[in-house]
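Have a look at the structure below, then the notes.
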Amino acid sequence: FPVTILRYVNRPFSGPILIKGSAGTGKTVVLLHRAVRALELNPEGRFLFLTFTANLTLEIKDLLAKLCRDKKLDPKRIEIASIYKFAQDKCRVSGWRGDLVSRSDDRLLLCWKRSLEAEESPSYPISTEEMLDEYFEHKEIKGIYSLDSYLASRREGRGKLGREERKIVWYAWERFETELRHYKFQTSEQCVHQALNYILQKVPKESYNRVFVDEVQDMSVESLRLIKALADYENEPQNGITLAGDWKQRIYQSTVTPYIVTGN
């Protein structure tokens, strides 16, 4: 076991840490061994291991089971899930009984079409296709959930939109979300947002002693807010949040530089 990796496995930190490195440098190995170490040090603790893709969770469960078996620990004490599956489960607990819809889902596109038809004589500053792209690639990825936040946001790589033009786009998005709610549809990011609100409103808060996150380079701002809430960072900032990612391996749309975010 490389001494450099062992140092990060055993080293205590006073707050969240981010492990960055290229493929094969041992990021996931550090996460796995830190998780097992947490089990050893806190027999009564609650632990969560999140990934971006569902496929990786299967590999993580297998590797953790092997590591725990060697140390006679119970791997079931570590909850393992993809970020969206975890969020969906919390939405179900909070009462949502609908379906997730993706950007290419015909049901979502029909809701978008109906929301546009609801406006009489519309005059949009950009095409309706660009408006929908901006919804997914800017609003959702950056966790923008208020008009003020949208007006203040930076739209890197996009054409200029003034305040009044952004308001027109925002109100079209609001009509779109009303259509989605009518049919009990949610996008994955809306699901994360609802899960976050559920966690924040729950008393006492549902939190974990340690949270471990792999593939963080592809996660949205709202996903990071959810991770922060799950570790109860506001009340116990020394609770461990360990993130790992490689920005050269980014394969999804996120342009987020991970940090423990605050605000809306």
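The values are calculated or read from the model by the stated rules, or taken from the named source; none is laboratory data. Given the structure is predicted, the values throughout are model-derived calculations rather than measurements. For neighbour counting, all protein chains shown are included, and Cβ atoms are generated from backbone atoms with ideal geometry for every residue, glycine included. Note: areas computed on protein heavy atoms with side chains; ligands, DNA, RNA excluded. Shrake-Rupley method; radii C 1.70, N 1.55, O 1.52, S 1.80 Å.
If you run the Gaussian network model on the chain, springs between alpha carbon atoms under 10 Å, then out of Val203, Val216, Val36 the most flexible one is Val203. Each of Gln88, Val169, Leu151 was placed along the dipole of the stretch 77-201 (beta-carbon charges, centred on the mean Cα), and the one lying farthest toward the positive end is Gln88. Across Tyr208, Tyr135, Tyr183, mean-square fluctuation computed from a Gaussian network of the chain (C-alpha pairs under 10 Å connected) peaks at Tyr183.
In the chain, the DSSP-assigned H stretches of four residues or longer account for a calculated mean residue ellipticity at 222 nm of -14500 deg cm²/dmol, using -39500 (n - 2.57) per stretch and the full residue count as denominator.
With all pairs of separate Cα atoms included, the stretch 1-106 yields a Kirkwood hydrodynamic radius of 15.8 Å. The value of relative contact order for the stretch 42-171, using C-alpha pairs under 8 Å at least six residues apart, is 19 percent. For the chain, relative contact order (Cα pairs under 8 Å, six or more residues apart, normalised by length) works out to 31 percent. Annotation: extensible slack from Glu120 through Thr53 equals 20.0 nm (criterion: 0.36 nm per residue apart, minus Cα-Cα distance).
Would you give the gap between the C-alpha center of the stretch 43-84 and the C-alpha center of the stretch 6-41, rounded to a whole Å? Measuring centre to centre over Cα atoms gives 14 Å. Relative to the globular-protein estimate of 2.2 N^0.38 Å, the Cα radius of gyration of the chain stands at 1.10. For Gly157, the shell of other residues with beta-carbons less than 14 Å away shows a net charge of 0, using +1 for Lys and Arg and -1 for Asp and Glu.
When the surface is traced with a 1.4 Å probe over the full set of protein chains, Trp96 keeps roughly 30 Å² accessible. Annotation for the stretch 156-247: trypsin sites (Lys or Arg not before Pro) lying in DSSP loop with at most 14 further Cβ atoms inside 10 Å of their Cβ are Arg158, Lys160, Lys184, Lys202, Lys205.
Simple point charges give the picture: +1 on the Cβ of Lys and Arg, -1 on the Cβ of Asp and Glu, and for the chain a dipole about the Cα centre of about 1060 debye.
Only Lys, Arg, Asp and Glu carry charge here, each on its Cβ (+1 for the first two, -1 for the last two); on that basis the stretch 1-114 has a dipole of about 160 debye about its Cα centre.
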